[in-house]
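The values are calculated or read from the model by the stated rules, or taken from the named source; none is laboratory data. Everything quoted here is computed from the prediction, not taken from an experiment. In this analysis, Cβ positions are derived from the backbone assuming ideal geometry, glycine residues included, and neighbour counts consider all displayed protein chains. Please note that ligands, DNA and RNA were not included when accessible areas were found on the heavy atoms of the full protein model with its side chains. Shrake-Rupley method; radii C 1.70, N 1.55, O 1.52, S 1.80 Å.
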Amino acid sequence: MSALITEPFSPKFKPYTRHTIHQARQWEWLPEEQREAVQVVSHVLPFRTNVYVLDQLIDWNNIPDDPIYRLVFPHRDMLAPEQYAHLRDLVLVQRDKAAIDAYVRAIRLGMNPHPAGQMTHNVPRINAEPVRGLQHKYAQTVLFFPSAGQTCHAYCTFCFRWPQFVGMDDMKFDARESHELVTYLKLHPEVTDVLITGGDPMIMNTRQLAAYLEPLLAPGLEHLQNIRIGTKAVAYWPQRFVFEHDADDLLRLFERIVKAGKNLAVMGHYSHAVELRQDIAQHAVKRIVSTGATLRMQGPLIRHINEDPASWAELWQTGTRLGAIPYYMFVERDTGPRGYFELPLAKAHEIFQAAYQKVSGLSRTVRGPSMSAFPGKIVIDGIVTINGEKLFALQFLQARNPDWVRRPFYAKFDAQATWIDDLQPAFGHEKFFFETDEPMPQLPQKIIRLAQAA
């Protein structure tokens with residue numbers, strides 16, 4: 001572990017919610033319209049920020065357009081105009097809690113709270129009984145949701161896991177202990193990876209985190225090679241790895257996992273280059289990688305927040321210099337206030353390509369733009385013209401059916417499409433091969449050569 005640095009900003013963690021944000025000094029800096037939007041929209045979407053985000057990451061001279069402000073503060077346009085107007089009346093005029101709760105739930109259910117089969121197809125079973133707090137979509141990887149880690153240092157307004165934080169207990173994933181995870185892993189030797197996710201596992205203290213992780217080092221789980229921890233703390237509260245009272249204990253836990261022969265991968269969620277410009281954020285990266293763990297950088301491409309290719313290039317270059325690995329640029333998922341954040345797939349590809357061109361080969365480990373859709377992770381490889389027809393070139397990086405992985409396929413170009421469901425198969429096919437689970441039709445060799453040339 002590297003030595004601690006002297007950092008001028010290291011207060012105790014202090015969160016702010018809808019009920020307490022007025023205590024932050026920055027609240028008075030907001031126009032009334034912005035304050036109203038926070039009070040209204042936060043009844044639907046979770047709102048939580050903290051003193052570090054407010055003091056260090058947001059440019060208060062650029063409100064409401066600052067990307068981190070839009071990343072954590074709700075905006076009225078995240079709801080349909082009629083929804084906002086009605087909810088505003090309920091919240092600020094009628095103040096009828098029962099009516100508010102009923103209307104809010106109706107809005108949430110219309111936001112596709114659990115996309116990609118999370119509740120219907122991804123829940124594993126032991127003896128025909130569903131295992132609470134686990135998801136198993138891809139053969140090699142199991143997701144584990146420890147109950148103590150189902151909150152975050154701050155909430156992203158685009159978060160596709162928003163139902164975890166808003167009291168929708170019937171749609172929440174959480175596990176009290178890790179013994180069912182261990183049991184399930186012993187029954188499934190094909191599993192090589194466990195992703196500890198949330199929420200944010202790094203909201204837990206080291207003792208709590210160790211109670212979930214150390215059982216994964218026990219005999220009988222030799223097939224488990226990689227332990228991943230998904231976290232936004234690297235951006236929203238890097239003090240967790242540097243100054244907090246048990247930060248050194250946390251890094252020693254990382255070292256024990258690595259020494260036990262497992263690869264520990266910290267999956268760092270970064271949304272904008274500014275999150276890695278702070279000295280303490282960079283030092284957190286160095287401390288993490290000094291333990292032998294890897295830090296992989298990933299995040300979605302979001303309208304209003306990170307459409308600038310230069311920001312992505314800076315983020316990847318800075319991370320690479322510090323020892324982190326650029327991993328994924330995702331397409332915004334089809335959930336929550338999707339209409340506010342989504343970008344056309346063609347635009348997403350353009351931004352990714354422009355950012356990719358700005359970095360050296362060491363940063364080109366990044367993959368994207370990738371859609372985490374129901375059938376799997378679908379990457380847009382490019383936009384090509386074959387026999388005069390403009391097409392999206394696509395492939396699976398991961399899939400429910402392993403046979404689909406790395407199989408190229410094509411969709412008709414659609415400048416407005418924002419998700420795989422908006423696309424139509426190319427070459428006259430009625431369905432994509434994965435929609436029928438039939439062998440993919442073989443393309444004529446002439447078309448294959450044209451596609452390769454393009």
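If R0 is taken as 41 Å, the Cβ-Cβ distance between H86 and W27 corresponds to a FRET efficiency of 0.95. Just how far, in whole angstrom, is segment 327-360 from segment 38-115 if you go by their alpha carbon centroids? What the calculation gives is 23 Å, centre to centre. Pairs of Cα atoms nearer than 8 Å and 6+ residues apart set the relative contact order; for the chain it is 12 percent.
Rounded to the nearest whole Hz, the Karplus-based 3J(HN,Hα) values (6.51 cos²θ - 1.76 cosθ + 1.60, θ = phi - 60°) of segment 312-319 follow the sequence 4, 4, 4, 4, 5, 5, 5, x, with x at glycine and proline.
Among the listed pairs K137/K262; K232/K377; K347/K412; K137/K232; K390/K412, which have their C-alpha atoms separated by more than 18 angstrom in this model? Where the Cα-Cα span goes over 18 Å, the pairs concerned are K137/K262; K232/K377; K137/K232.
Apolar share of the accessible surface for the chain: 48 percent from carbon plus sulfur atoms, 1.4 Å probe.
Rounded to the nearest whole Hz, the Karplus-based 3J(HN,Hα) values (6.51 cos²θ - 1.76 cosθ + 1.60, θ = phi - 60°) of segment 365-376 follow the sequence 6, 5, 10, x, x, 10, 9, 8, 9, 4, x, x, with x at glycine and proline. For M371, the amide hydrogen comes within under 5 Å of the amide hydrogens of V331, I378, V379, I380, counting only partners 5 or more places away or on other chains and with H modelled in the peptide plane. Under the simplified labelling scheme, the E222-D193 pair shows an inter-label distance of 2.3 nm, with each label point 7 Å from Cα along Cα→Cβ. Once the chain from D77 to R252 is taken as fully extended at 0.36 nm per residue, the excess over their C-alpha distance is 58.5 nm. How high is the FRET efficiency from E214 to A128, r the C-beta distance, R0 22 Å, rounded to 0.05? Computed FRET efficiency for E214 and A128: 0.15. Secondary structure note: in the chain, about 45% of the DSSP beta bridges are antiparallel.
By the rule of a C-alpha distance below 17 Å, with chain neighbours fewer than 8 residues away ignored, the aspartates and glutamates paired with K12 are D55, E244, D246, D248.
Sort 63-74, 78-89 by the packing proxy (mean of other Cβ within 10 Å over each peptide's residues), most packed first.
Working: 63-74: 20.8, 78-89: 16.5.
Taking the mean over residues of other Cβ atoms within 10 Å, the ranking is 63-74, 78-89.
Normalising the average separation of contacting C-alpha pairs (under 8 angstrom, six or more residues apart) by the number of residues puts the relative contact order of segment 299-389 at 33 percent. A cut-off of 5 Å between modelled amide H atoms, ignoring neighbours fewer than 5 places along the same chain, links I325 with L295, R296, M297. For segment 93-114, backbone nitrogen atoms closer than 18 Å to the point 7 Å from T17 Cα along Cα-to-C-beta are found at 97-98, 100-102, 104-105. With contributions of -39500 (n - 2.57) from each DSSP H run of at least four residues, the per-residue ellipticity at 222 nm computed over the chain stands at -8000 deg cm²/dmol. Sorting the segments 198-206, 244-252 by their mean number of nearby beta carbons within 10 angstrom, highest to lowest, gives 198-206, 244-252.
Based on the mean of other beta carbon atoms within 10 Å per residue, what is the order of 277-286, 366-375, 180-189, most packed first? Don't skip to the end; give the middle numbers.
Numbers: 277-286: 19.5, 366-375: 21.7, 180-189: 16.2.
Top of the packing list down: 366-375, 277-286, 180-189.
In this structure, the amide hydrogen of I383, modeled 1.01 Å from its nitrogen in the peptide plane, lies closer than 5 angstrom to those of A393, counting only residues at least 5 positions away or on a different chain. Karplus-derived 3J(HN,Hα) values for segment 405-417, using 6.51 cos²θ - 1.76 cosθ + 1.60 with θ = phi - 60°, are 5, 6, 8, x, 8, 10, 10, 4, 5, 9, 5, 9, 4 Hz; glycine and proline are entered as x.
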